[in-house]
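Here the structure is laid out as structure tokens; the discussion comes afterwards.
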Amino acid sequence: MTHTLGQEDFETQSRLQAIIDTAIDGIITIDDKGIIETVNPAAARIFGFAPDEIIGLNVKILMPEPDHSQHDSYIQNYHRTGIPQIIGKGREVLGRKKDGTVFPFLLSISEVKLKNKKIFTGIIHDITGLKKAEDALRESENKINAIIHAAVDGIITIDKRGIMEMVNPSAARLFGYEAGELLGKSVNMLMPEPDQSNHDGYMEHYHQTGQRRIIGIGREVTGMRKDGSIFPFFLSISEVKLADRTVYTGFVHDITQQKLNEERLRRYAAELERSNLELQDFAYVSSHDLQEPLRKIQAFGDRLKTKDQQNLSEQGKDYLERMMNAASRMQNLINDLLSFSRVTTKAKPFMSVSLDQVLTEVLSDLEILIERTHAEIIRSPLPVIEAEPTQMRQLFQNLVSNAIKFRKENEKPIINIYAKHIQKKAHLTATPGDEVTDIYVEDNGIGFDEKYLDRIFNIFQRLEGHKYEGSGIGLAICRKIAIRHGGDITAKSQPGVGTRFIITLALKQPKEKTI
């Protein structure tokens with residue numbers, strides 16, 4: 001019998017030892033003075049020691065400061081008072097590995113009283129990974145909170161009853177409240193009638209039917225500030241299902257300025273349409289009603305010149321010649337005015353246009369003038385843009401012929417034409433107008449004083465009097481074309497040095513609506 005019990009004790013002890021040796025958590029036993037008696041493989045691995053390196057040493061070798069210096073006093077205090085700090089409780093502490101690394105672990109200590117002594121068993125659960133995960137989660141939460149609090153748009157979270165649980169500073173500021181004035185209250189206080197009274201019904205209808213009005217869709221709505229004023233905003237709502245409940249997060253984007261701009265633009269467009277209609281009517285009058293009496297003046301003037309010229313005195317002949325010249329100038333002015341009006345009234349849709357090809361065609365049309373004046377044309381590659389081809393030809397023809405016309409005497413005109421790509425703001429290329437091209441037309445002509453810069457692009461304005469032919473409408477047409485293509489025109493010049501025209505054109509144009 002004695003032999004059998006001894007065998008059972010041996011098997012039990014072996015089984016317990018195997019459990020300790022294969023345990024995932026570390027297990028260390030110390031005596032009542034803190035000397036390490038046993039260390040299982042897991043504990044040795046956690047602290048980075050071999051077991052025989054620490055058995056027989058004080059357990060404080062595994063502790064960083066201040067516990068390293070104070071541990072002996074902890075044990076002495078417990079023996080003296082019987083008041084445990086960790087024994088039988090367990091808590092999170094810091095350990096020190098062989099290489100000096102400090103790490104967190106959960107320590108639980110049990111006291112074991114043997115026949116002739118007292119020992120303490122510590123179970124060590126390494127929580128380094130858990131702490132890292134907690135730190136990562138905390139950092140993520142802090143980032144999310146920082147993003148929410150710094151967001152330009154308002155963010156409000158409500159529960160299923162419409163009670164506000166979270167309001168970021170932008171939302172509070174947008175509605176004219178402090179965040180504390182809104183938390184715990186119904187979100188319908190931020191709505192004017194009839195939405196304020198109907199909101200609870202909207203939520204109930206959604207919960208019963210699942211039919212969405214804004215959730216996951218977004219739309220323009222009206223909000224009410226603390227002072228009772230109302231304003232438009234774009235509201236998008238997301239539904240978030242938590243473990244035990246559902247909450248809704250609303251993103252509030254103030255569109256007050258956008259709506260005011262849209263209204264101003266609508267009124268401006270209506271006024272522009274009215275002005276265009278008046279211009280079309282005026283163009284009709286110019287092309288028909290005004291030209292009819294002009295034709296009669298020219299016709300009767302021609303009859304006088306061919307049939308009765310011999311009967312006229314020298315003064316009469318002079319009057320007739322001056323009358324015919326005046327009528328001819330008026331005819332040219334009317335034709336130029338019609339050309340100016342057709343830039344918008346007879347405008348065609350935009351299409352992809354190679355400015356290089358347009359310039360080649362214009363230079364071909366001006367070939368005789370270029371040869372006669374011995375003009376030298378220096379050109380660099382020009383881009384492809386969305387434009388109206390006919391108006392681009394008008395633009396280049398006016399600018400090149402102007403550069404040749406206003407040349408210096410006894411000096412051949414040299415004209416340099418090139419382009420530069422411009423992106424107005426970094427990272428913005430999606431909207432028509434974000435990217436433009438600047439077309440430069442430089443000449444070595446007579447130039448002008450830049451104090452007259454605003455005048456040269458106005459209709460019928462001329463700086464050189466009647467020394468040069470023309471009505472002074474060419475540059476006005478160029479400006480109108482440039483503006484229609486999302487740009488403008490300006491110039492740099494010095495008298496006697498030459499002029500550089502800079503024409504800005506958008507690379508892309510807004511899509512025109514079709515009826």
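The values are calculated or read from the model by the stated rules, or taken from the named source; none is laboratory data. None of the values given here were measured: they were computed from a predicted structure. Cβ sites come from the backbone with ideal geometry, for glycine too, and all protein chains shown count toward neighbours.
Just to verify a result, which residue in segment 56-107, among those that are charged (D, E, K, R) and over 21 Å from GLU37 (Cα atoms), is nearest to the chain's Cα centre (by Cα)? Result: GLU92.
SER493 meets each of the listed conditions (1) assigned to a loop (DSSP other than H, G, I, E, B); (2) modelled with pLDDT of 85 or more; (3) closer than 22 Å to ASN410 by Cβ apart from (1).
Can we say ARG407 is of a type in the set (Lys, Arg) and within 39 Å of the chain's Cα centre (by Cα)? Walk me through how you get there before you give the answer.
Values: of a type in the set (Lys, Arg): yes; within 39 Å of the chain's Cα centre (by Cα): no.
It is false that ARG407 is of a type in the set (Lys, Arg) and within 39 Å of the chain's Cα centre (by Cα).
Only a single item in (1) modelled with pLDDT under 80; (2) touching a helix residue (DSSP H, G or I) at 6+ places or on another chain (Cβ under 7 Å); (3) of a type outside the set (Lys, Arg) is not met by PRO232, and it is number (1).
Are any of the residues in segment 225-236 surrounded by fewer than 10 Cβ atoms within 10 Å (Cβ to Cβ), within 25 Å of ALA150 (Cβ to Cβ) and either touching a residue at least 60 places away in the same chain (Cβ under 8 Å) or under 24 Å from the mean Cα position of the chain (by Cα) (or both)? Walk me through it before giving the result.
The initial filter retains those residues of segment 225-236 that are surrounded by fewer than 10 Cβ atoms within 10 Å (Cβ to Cβ), namely 227-228.
Next, only the ones that are within 25 Å of ALA150 (Cβ to Cβ) stay: none.
No, segment 225-236 contains no residue that is surrounded by fewer than 10 Cβ atoms within 10 Å (Cβ to Cβ), within 25 Å of ALA150 (Cβ to Cβ) and either touching a residue at least 60 places away in the same chain (Cβ under 8 Å) or under 24 Å from the mean Cα position of the chain (by Cα) (or both).
Of the residues in segment 372-401, how many are at pLDDT 90 or above and among the polar types (S, T, N, Q)? Can you show your working first?
Our first condition is that a residue be at pLDDT 90 or above; within segment 372-401, this holds for 372-387, 392, 395-396, 399-401.
After this cut, where a residue has to be among the polar types (S, T, N, Q) as well, the list is 373, 380, 401.
Residues that pass the stated criteria total 3.
Tell me which residues, restricted to segment 62-77, are of a type in the set (A, V, I, L, M, F, W, C) and at pLDDT 90 or above.
Within segment 62-77, the first condition is being of a type in the set (A, V, I, L, M, F, W, C), and the residues that meet it are 62-63, 75.
Correct list: LEU62, MET63.
Taking the criterion of being out of contact with any Phe, Trp or Tyr (no Cβ under 8 Å at 6 or more places or on another chain) and either within 18 Å of GLY445 (Cβ to Cβ) or basic (Lys, Arg) (or both), the residues of segment 379-401 that qualify are ARG393, PHE396, GLN397, ASN398, VAL400, SER401. Within segment 121-131, can one find any residue that is over 59 Å from the mean Cα position of the chain (by Cα) and touching a residue at least 60 places away in the same chain (Cβ under 8 Å)? Within segment 121-131, one or more residues are over 59 Å from the mean Cα position of the chain (by Cα) and touching a residue at least 60 places away in the same chain (Cβ under 8 Å).
For segment 438-450, does any single residue satisfy the condition of being in contact with a helix residue (DSSP H, G or I) (Cβ under 8 Å, 6 or more places away or on another chain) and part of a loop (DSSP other than H, G, I, E, B)? Checking segment 438-450: at least one residue is in contact with a helix residue (DSSP H, G or I) (Cβ under 8 Å, 6 or more places away or on another chain) and part of a loop (DSSP other than H, G, I, E, B).
Mind checking which residues of segment 377-393 are surrounded by fewer than 21 Cβ atoms within 10 Å (Cβ to Cβ) and closer than 14 Å to LEU475 by Cα? Across segment 377-393, the qualifying residue is only ARG393.
What are the pairs, 6+ residues apart or on separate chains, where a residue within segment 107-119 that is assigned by TED's automatic domain parsing to the domain that holds LYS60 has its Cβ under 7 Å from a residue that is part of a strand (DSSP E or B) and of a type in the set (Lys, Arg)? From segment 107-119, the pairs are LEU107/ARG91; GLU111/LYS118. Only one entry of LYS98, LYS60 meets the criterion of being of a type outside the set (A, V, I, L, M) and over 23 Å from LYS132 (Cβ atoms), and that entry is LYS60. Of all residues in segment 292-328 being without any contact (Cβ under 8 Å) to a residue 12 or more places away in the chain and among the hydrophobic types (A, V, I, L, M, F, W, C), which is surrounded by the most Cβ atoms within 10 Å (Cβ to Cβ)? So, considering only residues that are without any contact (Cβ under 8 Å) to a residue 12 or more places away in the chain and among the hydrophobic types (A, V, I, L, M, F, W, C), the one surrounded by the most Cβ atoms within 10 Å (Cβ to Cβ) is LEU312.
Is at least one residue of segment 389-399 touching an Asp or Glu at 6+ places or on another chain (Cβ under 9 Å), not in a helix (DSSP H, G or I) and not polar (S, T, N, Q)? So far as segment 389-399 goes, no, none of its residues is touching an Asp or Glu at 6+ places or on another chain (Cβ under 9 Å), not in a helix (DSSP H, G or I) and not polar (S, T, N, Q). Sub-9 Å Cβ pairs linking a first residue in segment 24-43 that is part of a loop (DSSP other than H, G, I, E, B) to a second residue that is polar (S, T, N, Q) and at pLDDT 90 or above, at least 6 apart or interchain, are ASP25/ASN40; LYS33/ASN58; GLY34/ASN58, ordered by first then second residue. Selection within segment 83-107: residues that are exposed (fewer than 15 other Cβ atoms within 10 Å of the Cβ) and small (Gly, Ala, Ser). The member of this set that is modelled with the highest pLDDT is GLY100.
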